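The values are calculated or read from the model by the stated rules, or taken from the named source; none is laboratory data. Since this is a predicted model, take the numbers as computed values, not measurements. Methodologically, a virtual Cβ is constructed for each residue, glycine included, from the backbone with ideal geometry; neighbour enumeration extends over all protein chains shown. In case anyone asks, the SASA skips ligands and DNA or RNA and just uses the protein heavy atoms, side chains included. Shrake-Rupley method; radii C 1.70, N 1.55, O 1.52, S 1.80 Å.
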Amino acid sequence: MLPQISNSQARKLFMLKQGLCDNPALKQDKTSLLGLIERMGFVQIDSINTVERAHHMILFSRNQTYRKENFSSLLENDRALFENWTHDASVIPTAFYPYWQHRFILTEERLLERWRKWRREGFEDSFAAILEHVQVNGPTMSRDMKTPEKNSADKKKNQGWWDWHPSKTALEFLWRTGALSVDRREGFQKVYDLTGRVIPQSHQASDIDPDLYLDWSCRSALDRLGFATAGELAAFWDGVKPAEAKKWCDSQLGQGLIEVEVHAADGSNPRKVYAYENLLDQLEDLQPVPKRVRVLSPFDPLIRDRKRTERLFDFHYRIEVFVPEAKRQYGYYVFPLLEGEKLIGRIDMKRQGQSLVVKGLWLEPKVKASAGRLKAIEAELDRVRRFVNVENILYENSYLKEAV
């Protein structure tokens, strides 16, 4: 029989790895913020800004003393963080940049194959001109390169990423493949510069071969997940294939890696996963999870893998921004609610003027709307209100006002 990990142990372990067991009120400076991001691996960024940008919400949920200016300083001044791609656009510790240099080679082959089919023609012809422009003129935005469309009819045709102007596609390609880096953002628009002028030279010289890249990808993912299937390891950075991760796992069994069974929240059959041998020694001493209620970003790493979220937390979550309004079950951009080690519900809210407007609150079927719990939710909403710097909380209907 394989070693067993209870559902509660699994949740606490995963939360520990992702910084959610830390004291959320402990004063955080730039050094500790960087340490947190390195432990997490990366922080996803997203353009939707209903309350606050996703990366700020992710980091605030772990520490209420988080300061956006510390994040910006680490990224834009200290260059201790850089922006590129994991499974999506993310901010990543620059200490990991050498591994991205190998990843850029893989990305170039994959993107050329895909984008030649889906993007407008001509983007490859722009590479040399784009690089020369950035070399001479310095940090560049896509609007600096775009040639105006001939007429309004042409403009109407441009309705999505698949129809980007060739120069915009070229900029994005050169960023995704390492020739350019994001120097900063203005109004959330990327400002690109030559990588040599953004990434410190000390992080650019390492030669990472495919075997070393695979080993790092799997080990660093397991460090941040605590336990995982081969598919979950591959998906963490989205830089290796599941079959490659499976081959790596099998090669490491008996050499520091073991198989264990993790119990599901709904009582279904345990799932066989991989873990480090020393994991079993950690299970009895797992630190308690802070009991307070916390609002999570829809892009929080705790819930990014929706299937894993359902197994560990018995919580079904889907973001509904692309679902027609009439067909949405909850709302456009709904935030999960974490209480201790349990996901207890979700809340629909937005920042509007000087108010945090609460549009809907849904607790999970077995979660009671006790006075203490509702007070804890209200306390978290007030922390969010202060973080996004608005004056009050407004409830869109009387039911919500009475409930919270």
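What to note about this one:
- Any hit, region 168-175, residues being closer than 18 Å to GLU108 by Cα, surrounded by fewer than 16 Cβ atoms within 10 Å (Cβ to Cβ), under 19 Å from the mean Cα position of the chain (by Cα) and modelled with pLDDT of 90 or more: no
- In summary, VAL384 fulfils each of the numbered conditions (1) open to solvent by less than 20 Å² (accessible area, probe 1.4 Å); (2) under 23 Å from ILE303 (Cα atoms); (3) in a strand (DSSP E or B) with the single exception of condition (3).
- Single residue of region 21-75 satisfying the filter (among the small types (Gly, Ala, Ser) and either open to solvent by less than 30 Å² (accessible area, probe 1.4 Å) or part of a loop (DSSP other than H, G, I, E, B) (or both)) that is farthest from GLU186 (Cα to Cα): ALA25
- Pairs with Cβ under 6 Å, 6+ apart, first in region 234-255 and open to solvent by 70 Å² or more (accessible area, probe 1.4 Å), second of a type in the set (Val, Ile, Thr): ASP238/THR86
- Boolean, THR229 is β-branched (Val, Ile, Thr) and under 25 Å from ALA275 (Cα atoms): yes
- When the residues of region 196-212 are filtered to those that are outside any loop (DSSP other than H, G, I, E, B) and closer than 18 Å to LEU131 by Cα, the one that is least open to solvent (accessible area, probe 1.4 Å) is GLY196.
- Failed item in (1) over 25 Å from ILE92 (Cα atoms); (2) open to solvent by 30 Å² or more (accessible area, probe 1.4 Å), with LYS307 passing the rest: (1)
- Every residue from region 325-369 that is within 22 Å of GLU391 (Cβ to Cβ), open to solvent by less than 60 Å² (accessible area, probe 1.4 Å), part of a strand (DSSP E or B) and in contact (Cβ under 8 Å) with a residue 40 or more places away in the chain: PHE335, ILE347, MET349, LEU356, VAL358, GLY360, LEU361
- Scan of region 47-70 for residues that are within 25 Å of LEU222 (Cα to Cα) and of a type outside the set (Val, Ile, Thr), ordered by number: ALA54, HIS55, HIS56, MET57, LEU59, PHE60, SER61, ARG62, ASN63
- Test: residue in region 97-112 that is open to solvent by 10 Å² or more (accessible area, probe 1.4 Å) and among the hydroxyl-bearing types (Ser, Thr, Tyr): yes
- Matching option when the condition is closer than 29 Å to PRO98 by Cβ, modelled with pLDDT under 95 and hydroxyl-bearing (Ser, Thr, Tyr), among SER32, SER47, SER73: SER47
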